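Colleague: Here you go, one structure.
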Amino acid sequence: MIRIVVGAEPIDLAREIAAAELAGAGAVATFTGLVRADLHVADGGVETLELEHWPGATEAALHAIAATARERWHCTGVRIVHRIGAMTPGERIVFVAATAPHRAAALDACAYCIDRLKTDAPFWKRETRGGVARWVDARAGDDAAAARWA
């Protein structure tokens, strides 16, 4: 089963993990991404992170990523829940769960999903630091992480 959710609602980890466990697999691997505080930086770090997306296209891209993971690692389930809208440090941005008969497949599928969604799904980030909002450029490291799965 594949479940894709893109929305402004906070991510309920307990609900998502419990649902992933119902997939009847031997392993559940998860990743939860949070808004970084970056308190050690001179500008005081991120005050607000805003995520925008392309409705319809974003969900389709995430579904394609999940479907590839499911097929490649024989997963019994893949869940991707991604927030949009304004968030503050410590809030959950993304949750990925992959379920498979064995841990290696679940871990690889989960890593694949998070690496690919960073480059393949149409999201745009705007950070506010020191009272100044700016769009965040894509990171070269994200491209390198995604390329390892080619």
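Readers should treat all values here as calculations from the given coordinates under stated rules, not as data from a laboratory. Remember, predicted model here, so these are calculated numbers, not experimental data. Glycine also receives a Cβ, built like all others from the backbone with ideal geometry; neighbour counts cover every protein chain displayed.
Colleague: Compute the orientation-averaged projected area for region 97-150 from the convex hull of its Cα atoms and round it to one decimal in nm². Write down the numbers at each step before the final one.
Modeller: Numbers: hull surface 19.8 nm².
Quarter of the Cα hull surface area: 5.0 nm².
Colleague: Let me ask something else. So if each residue of separation counts as 0.36 nm, and I subtract the Cα-Cα distance between His102 and Glu71, what length gain in nm does that give? If you can, show how the numbers build up before the last one.
Modeller: On the way: separation 31, 0.36 × 31 = 11.16 nm, distance 1.45 nm.
Length gained, His102 through Glu71: 9.7 nm.
Colleague: Across the Cα atoms of the chain, what radius of gyration and what greatest pairwise Cα-Cα distance (Dmax) are found, in Å?
Modeller: Rg, Dmax (Cα atoms, Å): 15.7, 48.
Colleague: Could you give the nm distance between label points at Ala60 and Ala140, where each point is 7 Å from its Cα heading toward the beta carbon?
Modeller: 3.2 nm
Colleague: Long-range amide H contacts for Val6: which residues qualify at under 5 Å (H placed 1.01 Å from N, peptide plane, sequence gap of 5 or more or a different chain)?
Modeller: His82
Colleague: Also, I was wondering about something else. How much length, in nm to one decimal, is gained on full extension between Thr32 and Ala150, taken as 0.36 nm per residue of separation minus their Cα-Cα distance? Write down the numbers at each step before the final one.
Modeller: On the way: separation 118, 0.36 × 118 = 42.48 nm, distance 2.34 nm.
So the extension gain works out to 40.1 nm.
Colleague: Express in nm, to one decimal, how much length is gained between Glu50 and Ala8 on full extension, taking 0.36 nm for each residue of separation and deducting their alpha carbon distance.
Modeller: Numbers: separation 42, 0.36 × 42 = 15.12 nm, distance 1.04 nm.
Here the segment from Glu50 to Ala8 would lengthen by 14.1 nm.
Colleague: What are the ³J(HN,Hα) couplings of region 15-23, residue after residue, when phi is run through the Karplus curve with 6.51, -1.76, 1.60 and θ = phi - 60°? Round to Hz, x for glycine and proline.
Modeller: 5, 5, 5, 4, 5, 4, 5, 6, 5
Colleague: In region 49-120, which GluC sites (Glu not before Pro) are in a loop and have at most 16 other Cβ atoms within 10 Å, using DSSP for the loop call? Each step should come with its number before you reach the end.
Modeller: Details: sites: Glu50, Glu52, Glu59, Glu71, Glu91; in loops: Glu91.
Counting only loop positions with at most 16 other Cβ atoms within 10 Å, the GluC sites (Glu not before Pro) in region 49-120 are Glu91.
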